[in-house]
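Only one structure is covered here, and it is reproduced in the block below.
The values are calculated or read from the model by the stated rules, or taken from the named source; none is laboratory data. If you're wondering where the values come from, they're calculated on a predicted model, not measured in any experiment. Heads up, the Cβs are rebuilt from the backbone with ideal geometry, glycines too, and the neighbour counts pull from every protein chain shown. Keep in mind that these areas ignore ligands, DNA and RNA; they rest on the heavy atoms of the full protein, side chains included. Shrake-Rupley method; radii C 1.70, N 1.55, O 1.52, S 1.80 Å.
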Amino acid sequence: DLGASWQWQKVVTDLSLFDHAIEHEIGFDTNTFANINFDDTQRRGATLDVDWKLSNQLSLGGSVTSMTAEFDGGPLSGNKLPGVAEELAKLRISYAPMDNLNLYAESVYTGAVAIDITLRIGLPQLELGAFATSVIKTTTAAATRNADVATISTLTPWFNEAEFTMLVEFIAPAG
């Protein structure tokens, strides 16, 4: 990351350039409707943030981010990341009536987002019963099966206690 900050009277402007290489990013697989670990990803872009202090209690601000987000490894290398917008803009107004209390309203614009949707048509199956069961692949002969039993003996490989992502967002009081 590379950043610069300028201040002119009551206006503070920050510019940040970023180039993030991410390993083991968690993403949503629309085929399985589950979270998965993506191959390596890359995010490059810039954020411009402006804050104008109108008074000791009131400020107006906004930010604009432009970025590219792509897979940087594996079979999808060079493709855009699904669910990540190339543009993001925010406009906010903050009011701090007393120390340690900051009230704000924010409007957020998110640009177009790539979404991967796959339609799958499986094997049709008709059966009598109180609920549907899983498909039995057959030939022309009739088939039967034992009762379904679901067992979870471990949370691996999709849950790893040693690796996780946490997002924390906060606003520090002015001053």
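Structure notes:
- A Förster radius of 25 Å, combined with the Cβ-Cβ distance separating Thr13 from Glu70, puts the computed FRET efficiency at roughly 0.30.
- Gyration tensor verdict on the range 1-85 (Cα atoms; rounded if a/c is under 1.5, prolate if a/b is larger than b/c, oblate otherwise): prolate
- Full-stretch length increase - Leu54, Glu106 - with 0.36 nm per residue and alpha-carbon distance subtracted: 17.1 nm
- Once C-alpha pairs closer than 8 Å and six or more residues apart are averaged by separation and normalised to the residue number of the range 1-46, the relative contact order reads 34 percent.
- Over the range 77-117, accessible surface divided per residue gives 72 Å², non-protein components excluded, 1.4 Å probe.
- Working from Cα pairs under 8 Å separated by at least six residues, relative contact order for the range 1-105 is 20 percent.
- Residues Asn79 and Ala141, FRET efficiency given R0 of 45 Å [Cβ-Cβ distance, rounded to 0.05]: 0.55
- Distance between the modelled labels on Trp6 and Glu87, one decimal in nanometres: 2.2 nm (7 Å Cα→Cβ projection).
- The Cα center of the range 42-92 and the Cα center of the range 1-33 differ in position by 6 Å.
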